[in-house]
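Down below is the structure, laid out as structure tokens.
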Amino acid sequence: MTNPYKVTKALIPVAGLGTRFLPATKAMPKEMLPLIDKPVIQYVVEEAVDTGLTDILMITGRNKSSLENHFDRVAELEQTLKAKGDSERLEQVQESSDLADIYYTRQGDPKGLGHAVLTGKQHIGEHSFAVLLGDDVINAKDILLSKMIEIHEATGDNVIALMEVDPADISLYGCAAVTATDQEDVVIVTDLVEKPAASEAPSNLAVIGRYVLRGEMFQLLENTKPGRGGEIQLTDALEAAVKNPEIAGGVRGIVFRGNRYDTGDKLNFIKATIKLGVDREDIGEDLREFLRNFAKTI
Ligand code: UTP
């Protein structure tokens, strides 16, 4: 019998306004900013593909053309590289267009992450699916999404990714109250609050940008009223799942202890560039030497 909770599709929302990165994001989505030599979105798509999800729906907004172009073939460029015999660069440009079947739906008005996910209802259908935020990069060496899918397929509960943060920073995130399970780093979520004041936060466990959801979550999203910031919040729909698990299952969390970069934020974007850079074979050694010397001057 096939598992009713089998996950085959990924939804990647990229329709936010990216106000924290203005003016760079005035005419270009933040997900197209390059981390070393690939736009942020390519890391996210590669993570989905590496997890076995090759049917990908991107929820785009204004300025979407550069995103679509990046995952299309560019015949003239490929011809030129072929003519030059530059097979290494040819492979690099073909890589992004050969990755997966990518579909696009437009979120007419960026009314929040929950609304962006709801926009994908028709493509996703009734099945379970993964959501990967387009500006959240998880280090490729660290395992997260595949473990989330495993837990979802075994339990039928929605699964969210959590990370311990400095309690002073919890007001920047959705925050989860949890109880332990007998599995290490897997928890049952008992309450969710979007961006609570530090004094009111039930924990220092922040919700980060990976989710595995049941198809029935669309019903809960349809009934979710605009919340914090006037936006339809995915956290609020998940809170409804916590309260009424008979509709769309309950919510579990995985406490992630690897490397995650919020590239929608300037300082974290720089940190991500440096951390990924020092691990690279081509530039890592030179970058490490530069950093050691530079550190002596500041
Ligand atoms: P963020 O809150 O980080 O995106 O949403 P934002 O609104 O663009 O950020 P700032 O605060 O203005 O800088 C997380 C993810 O959800 C998408 C974003 O593109 C990002 O990948 N998103 C957010 C949507 O697709 N639609 C929305 O209405 C809101």
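The values are calculated or read from the model by the stated rules, or taken from the named source; none is laboratory data. Note that the structure is a prediction, hence the values are computed from the model and not measured. Positions of Cβ are generated from backbone atoms using ideal geometry, with glycine treated the same way; all protein chains shown enter the neighbour counts.
Annotations
- The residue list A198, A154, A176, A161 contains one member that is out of contact with any His (no Cβ under 6 Å at 6 or more places or on another chain), among the hydrophobic types (A, V, I, L, M, F, W, C) and over 29 Å from A48 (Cβ atoms), which is A198.
- Filtering A168, A161, A176 for residues that are crowded, with 16+ Cβ neighbours inside 10 Å, among the hydrophobic types (A, V, I, L, M, F, W, C), within 20 Å of D262 (Cα to Cα) and more than 16 Å from the ligand (Cβ to nearest atom) leaves a single hit, A176.
- The C-beta contact set for the stretch 129-141 (first residue within 17 Å of L33 (Cβ to Cβ), second residue within 7 Å of the ligand (Cβ to nearest atom) and not in a strand (DSSP E or B), distance under 7 angstrom, 6+ apart or interchain) comprises G134/V14; G134/E31; D135/K30; D135/E31; D135/G264.
- Leading residue by the ranking (farthest from E281 (Cα to Cα)) among those in the stretch 63-84 that are loosely packed, with under 14 Cβ neighbours inside 10 Å and touching a residue at least 24 places away in the same chain (Cβ under 8 Å): E68
- Residue pairs whose Cβ atoms lie under 8 Å apart, sitting 6 or more positions apart in sequence or on different chains, and linking a residue in the stretch 12-36 that is more than 12 Å from the ligand (Cβ to nearest atom) to a partner that is of a type in the set (G, A, S) and part of a helix (DSSP H, G or I), are M28/S66; L35/A272; I36/G277.
- Looking across the stretch 224-235, just one residue is under 18 Å from the mean Cα position of the chain (by Cα) and more than 11 Å from V117 (Cβ to Cβ), and that is T235.
- In the stretch 51-132, counting only helices (runs of 4 or more DSSP H) that sit wholly within it, the ones holding 1 or more residues that are modelled with pLDDT of 90 or more span 65-70, 113-118, 121-124.
- Which numbered condition P39 fails, given (1) free of Cβ contacts under 8 Å to residues at least 60 places away in the same chain; (2) surrounded by 15 or more Cβ atoms within 10 Å (Cβ to Cβ); (3) over 30 Å from L267 (Cα atoms): (3)
- Any hit, the stretch 40-47, residues being under 20 Å from L113 (Cα atoms), within 13 Å of the ligand (Cβ to nearest atom) and modelled with pLDDT under 90: no
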